[in-house]
1. Please go through region 86-128 and give me each residue that is more than 25 Å from R139 (Cα to Cα), at pLDDT 80 or above and touching a strand residue (DSSP E or B) at 6+ places or on another chain (Cβ under 6 Å), ordered by number.
2. Check every one of the strands (runs of 3 or more DSSP E) wholly within region 75-139 and list those with 2 or more residues that are under 18 Å from R34 (Cα atoms) and free of Cβ contacts under 8 Å to residues at least 40 places away in the same chain.
3. Which ones in region 106-139 are touching a Cys at 6+ places or on another chain (Cβ under 9 Å) and open to solvent by 100 Å² or more (accessible area, probe 1.4 Å)?
4. Consider R18 carefully, then state whether it is touching a residue at least 60 places away in the same chain (Cβ under 8 Å), out of contact with any helix residue (DSSP H, G or I) (no Cβ under 7 Å at 6 or more places or on another chain) and not aromatic (F, W, Y).
5. Given (1) within 25 Å of V95 (Cβ to Cβ); (2) assigned to a helix (DSSP H, G or I), identify the lone condition not met by T56.
Amino acid sequence: MRILRDGLNIKWPEGLKRTKARECVLSVLKDSNRPLSAMEIFEEIEGRGHTIWLSTVYRVLDAFEEKGLVIKTSLLNNELTLYDLKATGHRHYAVWVECHKIVTMTNCPMKDFKPSFKDDEIEVIGHKVEVYGYCKDCR
């Protein structure tokens, strides 16, 4: 089965059993327009009238990450971990340090960056950019 999100085609990972808990977590991620923490996913599932343990949400997210369905991003020196569907693509975020609001950057500041190394055998396969600041309300 394929799940559509904003025109994105998401295929259920092969070899991963469909359970109510996994479908609930996927539904929340699919319906969100931003990355979510495990606690936010848990609260949304509970708010929809389903019962789930927070530990189950974490296990589902780990399974989804292992199967390549979600991207796990840690911010604020690993104090905040967010999950988003991999089909949404590569993103960077700014975190407002006072109110902890997370804003998706509209560009990748590393797009045209070409790193150079003494060892030419290095193959860069990814990067992480974190931006921190104060929003206009918290300044």
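1. Of everything in region 86-128, just one residue is more than 25 Å from R139 (Cα to Cα), at pLDDT 80 or above and touching a strand residue (DSSP E or B) at 6+ places or on another chain (Cβ under 6 Å), namely K86.
2. 93-96
3. Start the filter on region 106-139 by keeping residues that are touching a Cys at 6+ places or on another chain (Cβ under 9 Å), which leaves 127, 129, 134-135, 137-138.
Scanning region 106-139 gives Y134, D137.
4. It is false that R18 is touching a residue at least 60 places away in the same chain (Cβ under 8 Å), out of contact with any helix residue (DSSP H, G or I) (no Cβ under 7 Å at 6 or more places or on another chain) and not aromatic (F, W, Y).
5. (1)
Every residue, every condition in (1) open to solvent by 20 Å² or more (accessible area, probe 1.4 Å); (2) modelled with pLDDT under 95, yes or no:
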position: A21; (1), (2): yes, no
position: D31; (1), (2): yes, yes
position: I41; (1), (2): no, no
position: L54; (1), (2): yes, no
position: L75; (1), (2): no, yes
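The values are calculated or read from the model by the stated rules, or taken from the named source; none is laboratory data. Source: prediction; values computed, not measured. With ideal geometry, Cβ positions are generated from the backbone for all residues, glycine too; neighbour counts draw on all protein chains shown. We work out accessible area using only protein heavy atoms, side chains counted, and drop any ligands, DNA or RNA first. Shrake-Rupley method; radii C 1.70, N 1.55, O 1.52, S 1.80 Å.
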